[in-house]
Amino acid sequence: MKLSNFFFQPCLVLGISLGLSLAVVPEALALKTYYQLPISLAVEAAMEAVNTCQRDGYNVTATVVNREGLVQAVIRGDDATPHTIEYSLYKAFTLITLGPITKEDSTEAIAKKMTPAPLPVGSVPLAPNPITGLSFSTGGLAIKVADQLVAAIGVSGSPNGDLDQACGIKGIEKIKSRLVP
């Protein structure tokens, strides 16, 4: 047997194997397409949320973050207290951070899903290590294009989270018809 024949067969088998595997892999290696919320829509949603709450007598701040959790827009309503800036961000950031994991579109639903079941008598749970910037308060909502999470809005400052959430919903509704692929 010639030395060249000895190496040729394994190389041919390896080449065929690699060729077949590469024929199957390209889709897995293809770049994904992500949508980005334009700043104009982020500002419009935040402004509508603030205006809605203000009409109802609540002074709030609304923050919109992009899919990476970076701030796109912050609108602090007239007379909204200082803490509302931080907490509106935390609500939006929580949705972006935990929404994809929990498959939920609101901080209210995330909090319900993550609330542990009652423990047996005598058991004491250990406190989890907190992650900076998360808030399980109601008022954070997903902004989606089709089923893709592109941003989140967080509203803070009304007497309870349900009111914050209602204003956030109005903000999303204001831009919803323009959230198309």
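The values are calculated or read from the model by the stated rules, or taken from the named source; none is laboratory data. In this text, all values refer to a predicted model and were calculated from it rather than measured experimentally. Cβ: placed from backbone, ideal geometry, glycine included. Neighbour counts: every protein chain shown. Areas reflect the complete protein model, heavy atoms only, side chains present, ligands, DNA and RNA absent. Shrake-Rupley method; radii C 1.70, N 1.55, O 1.52, S 1.80 Å.
Determine if segment 5-26 includes at least one residue that is outside any helix (DSSP H, G or I) and modelled with pLDDT of 50 or more. Checked against the condition, which is being outside any helix (DSSP H, G or I) and modelled with pLDDT of 50 or more, segment 5-26 yields at least one hit. Within segment 54-96, track down each residue that is within 16 Å of T138 (Cβ to Cβ) and polar (S, T, N, Q). Hits for segment 54-96 are T61, T63, T84, S88, T94. Per the listing V43, V65, V71, V50, the residue uniquely surrounded by fewer than 16 Cβ atoms within 10 Å (Cβ to Cβ), modelled with pLDDT of 95 or more and of a type in the set (A, V, I, L, M) is V71.
Which members of segment 74-84 meet the condition of being crowded, with 17+ Cβ neighbours inside 10 Å and more than 15 Å from A42 (Cα to Cα)? Listed by number, the residues that qualify are G77, A80, T84. Selection of segment 130-176 for residues being among the hydroxyl-bearing types (S, T, Y) and outside any loop (DSSP other than H, G, I, E, B) yields only S156. Scanning segment 143-169 for residues that are over 15 Å from G57 (Cα atoms) and open to solvent by 50 Å² or more (accessible area, probe 1.4 Å) yields K144, A146, D147, I169.
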